[in-house]
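Enquirer: Have a look at this one.
The values are calculated or read from the model by the stated rules, or taken from the named source; none is laboratory data. These numbers come from a predicted model, not from an experiment. Backbone-built Cβ (ideal geometry, glycine too); neighbour counts: all protein chains shown. With ligands, DNA and RNA removed, areas are computed over all heavy atoms of the protein, side chains included. Shrake-Rupley method; radii C 1.70, N 1.55, O 1.52, S 1.80 Å.
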Amino acid sequence: MKRFLGLPLVALLAACSGASNSSLSLSARAGSVSATTTTPPAASTGVSLTRIRVALRDVELRSRDGSKRAEIALGPVVIDLGSADLSSAGVQKVLDSTVPAGTYDKIKFTIHRLKTAGDVTGAADLVKAGASILIDGTFNGTAFQFATALEAEEELEGKFVIDATSQNITLNFDPSAWFLSGTTVLDPSDPANQIAIEANIQKSLAAFQDDDESGHENHHGDDDAGDDDGQHGGGHH
C-alpha cells in the first residue's frame, strides 16, 4: 500500500515569525479513539470497508484565540487508508513538515474536492469521481463506492505541544457509526442517505498528539502513552 503524499509543504507562522522551527509529522488512522471501544463487526450493519480516501488542504495549527498559526501543509493532501490499514487500525504517516515551536490548541483543515490530480498520489480516482471523499466496501456482500463532493472546514481541539523533539499529530476517522442513524442502517448506495452519512463522517473526526504513533494521545516523556483523556473532536463550519 502506498503511503499518502501531498504537494511540497510550506511551514509558516502568521504571528511570531522569529520562532524556531521543529519537525512535525501528520498521520492518519481509522478506528475508535478510545482504548475501551471497538468498532462494531460488519455483521451488525452489513457494511465492510476496504478503502477510505479523503482530500484535504490548508492544514494548520492554531492557538485558541487564533493569534498564533502554524501552517503544516497548503495541500492538496490525500489520505489513503487501505484494507490492511483499516483492519489493523494502525497509524500511517501522511506527510512530514516543520512548524514553529509552541503550544497550540486546535488543528484546522478543509475537506476539499479535487479538480485536478497534478502529482498528488492517490488523487486520480477522486478527480474522476469529482469527490473529496471516496469510501469503498461491501454492503450485505455487494460492492459499493460512496462518493461525496463535501466541502467543509474542520477545526479539532486538543493540546499540541511542539518543541525541539520530533512530534506527530494523528487525524482519526472512526467509521463505526458512519452508516447508522440511531439503530437504523444507512445503505451507502442510496442517494437519500448521503447527507446523513456526510454528517456522520464529520462527527467522527478527532485529532491528537501521538508522538510515538501508537494511535493514542501521548507526548514525549508521558508515562501513560494510552491516556486518551485529552482527545477532542471538533465541529465543522
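Enquirer: Just for region 56-114: of the residues that are among the small types (Gly, Ala, Ser) and in contact with a Ser or Thr (Cβ under 7 Å, 6 or more places away or on another chain), which one is farthest from Ala129 (Cα to Cα)?
Expert: Out of the qualifying residues, it is Ala101.
Enquirer: Further question on the same structure: Name the residues in region 161-186 that are within 18 Å of Ala149 (Cα to Cα) and in contact with a helix residue (DSSP H, G or I) (Cβ under 6 Å, 6 or more places away or on another chain), would you?
Expert: Those that are within 18 Å of Ala149 (Cα to Cα) and in contact with a helix residue (DSSP H, G or I) (Cβ under 6 Å, 6 or more places away or on another chain): Trp178, Phe179.
Enquirer: Grab the strands (runs of 3 or more DSSP E) fully contained in region 76-142, keeping just those with 1 or more residues being more than 23 Å from Asn193 (Cβ to Cβ) and not aromatic (Phe, Trp, Tyr).
Expert: Fully inside region 76-142 and qualifying: 77-81, 92-100, 102-111.
Enquirer: Being within 30 Å of Val127 (Cα to Cα) and either open to solvent by 20 Å² or more (accessible area, probe 1.4 Å) or touching a His at 6+ places or on another chain (Cβ under 8 Å) (or both) is the filter here; which residues of region 162-191 pass it?
Expert: Asp174, Pro175, Ser176, Ala177, Leu180, Ser181, Val185, Asp187, Ser189, Asp190, Pro191
Enquirer: May I pose another question? For Ala70, state whether it is part of a strand (DSSP E or B) and either of a type in the set (Val, Ile, Thr) or surrounded by 15 or more Cβ atoms within 10 Å (Cβ to Cβ) (or both).
Expert: yes
Enquirer: Can I ask one more? State which residue is modelled with the lowest pLDDT when the search covers only region 105-154 and only residues that are farther than 30 Å from Ser67 by Cα and of a type in the set (Lys, Arg).
Expert: Among residues in region 105-154 that are farther than 30 Å from Ser67 by Cα and of a type in the set (Lys, Arg), the one modelled with the lowest pLDDT is Lys115.
Enquirer: Pick from region 143-161 the residues that are out of contact with any Gly (no Cβ under 7 Å at 6 or more places or on another chain) and touching a residue at least 40 places away in the same chain (Cβ under 8 Å): which of them is most open to solvent (accessible area, probe 1.4 Å)?
Expert: Selected residue: Glu151.
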